Structure formats: structure tokens, C-alpha cells
């Protein structure tokens, strides 16, 4: 299933069981898969039109009355466009609102640079009390939804809309605040999020063929970062590479650098968008253009190991 279909199905189940749950769209309910909810729950599913700031303010008001609103839009419109409302009306006011930004980074594809959220994690990490979560596949998303609902406070869900390769199986035990060690290794830590986890696993296979044992960590929650898992890994490997579908400034690289520089400094290389805007293209083409590939991760892993050994 597409990630948006899984999200909408889980939201449907929540709305059926819990009358506090509300969904608010900003003219993108069809694109984000939530359109059918308006027919099933006409008193708890709304479309405010192209008025994202209003969407966030309405959600804050509903939350103040005990509802749990999920607000949805494309990634830059759910973060960059409504930053003040997120910070003041929701986070500062301690309102229990869940924010869903779809098509993050290069996954906006043909919508181009204006629709590519390359800075959304940086924005959301900077807001006090905000939890930042990015699922790697449909199974993780499905398991995360109940925990996101249960968490008291604002959560940002960075949602890839279309299908993703399966990384986890059905018996996977998910914890919203614990990173996953997917592959154990001793030579270098590859710390990845979102669509870059698949590339990190490919890089692991390439490096293994060269006699390099890489540890691969999936960081699904970028704030609060699971520092314990990160530090345990780099203390063993002595160097690291981050891989993210986001600007290298303010996202996963920054979160990891902040942690290891304070507690256990080691050589750190990064794979991500190099402080530029996005452009029109298909996903695989854009991966090559921006260097978001397994090959780039493997190159940076070898550089990290060389820096460690120098």
C-alpha cells in the first residue's frame, strides 16, 4: 500500500474508536488520501482550503477543547508556511496537535523546488516540545500511529506519500523514541532516516563486499534523538556517516553532530542535500542529482574510516 493509504486507514480506525480525533486538510485531502474521511466523519473531518495558517489555528483551538487534531498538507506548507502558528498557537500554548507534512525533500518530484521541504526538520527541531518523526516503511508507520496519538504534545510526521520497500516485518517491536540498529558492524556507523535507510542498507552490502563492516541505524525520530544508540555505536566504530533526504544543515547530520561533538567526538561525514534548493525530476533521477545514493554513502563511509585511521 501507499504510505498515504496506510496513514489514512490508521486515522480512520482512530476516528472510529476515539471521538477526540479530528482531521483538517488544506485543499490536499485527495492528494494525501484523507478525502473519504469527510464522508464518514462530517463533524470531525474538515477542509479549510488553501489557508494553512488558519488550519493550524483551528487545530490549536480544537485541541484546547480536548480534541486531538491531525493537520495535513505538503511538507513545506505544513512547516515553513505556518511556522509562527506551530510555534506560538500550538507548541507555546502546549496544544496536542499532530502535524503531517507529505512528500518531504526530493519526493515532491515533479512539483519541483517550491514544494520540496529541504528545511522542515530544521524548522521543527527548533521548536520546543516538538517531536519529529519520519517512518521508513508502511509497517513502521502503522505501528507508530497509536503511539503518536497517545503522546501528549505536538508531533510532526514527515510522510512519504507513495509506496516504500518493506524494511521491517510484522513482528517488529516499535518504540517512537528508540532508534533501530538494522545491521551491526565495527568499522563505521551509517545513521540514516526516511528514504535514505534503503540506500544505507545497499551501501552496507557494497562495503561488506570490500571487507568493511558497517553498522546501519534507522533514526525514525529525529527529535528527541536517541543519543544512547548513536553514542553506543560510534564508541564502537570510531566514525560515522549520516544520510538524509534533507538539507545537511539543521536535520539528521546536525542532530548527530550535536550529540557526538559533546559526548564522544569522532570523524563524521554526511550525505544529504548540500544547502541548495530542489528542482523538477523523478525520484531516482533526483537521487543522482543530489547525491542521495548508496554509492555516495559508501564513498563517505570510506572517507570517515580514513579520517579515523589518519
| task | Keeping to segment 277-288, report how many residues are under 20 Å from residue 200 (Cβ atoms) and either in contact with a helix residue (DSSP H, G or I) (Cβ under 8 Å, 6 or more places away or on another chain) or surrounded by 17 or more Cβ atoms within 10 Å (Cβ to Cβ) (or both). | result | 3
| query | Within segment 1-81, which strands (runs of 3 or more DSSP E) (wholly inside it) include 3 or more residues that are touching a helix residue (DSSP H, G or I) at 6+ places or on another chain (Cβ under 6 Å), at negative phi and surrounded by 22 or more Cβ atoms within 10 Å (Cβ to Cβ)? | reply | 21-25, 68-74
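Here is a yes/no grid of residues against (1) assigned to a helix (DSSP H, G or I); (2) at negative phi:
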position	(1), (2)
148	yes, yes
153	no, no
168	no, yes
177	no, yes
| query | What residue, of 298, 304, is part of a helix (DSSP H, G or I) and in contact with a helix residue (DSSP H, G or I) (Cβ under 8 Å, 6 or more places away or on another chain)? | reply | 298
| field | Residues that are under 18 Å from residue 252 (Cα atoms) and in contact (Cβ under 8 Å) with a residue 60 or more places away in the chain, drawn from segment 299-310 | value | 301, 304
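Read the figures in this text as sums done on the coordinates, not as results from a lab. Everything numeric here is computed off the predicted structure, so don't read it as measured data. Quick reminder, even Gly has a Cβ in these numbers, built from the backbone with ideal geometry, and neighbours come from all protein chains shown.
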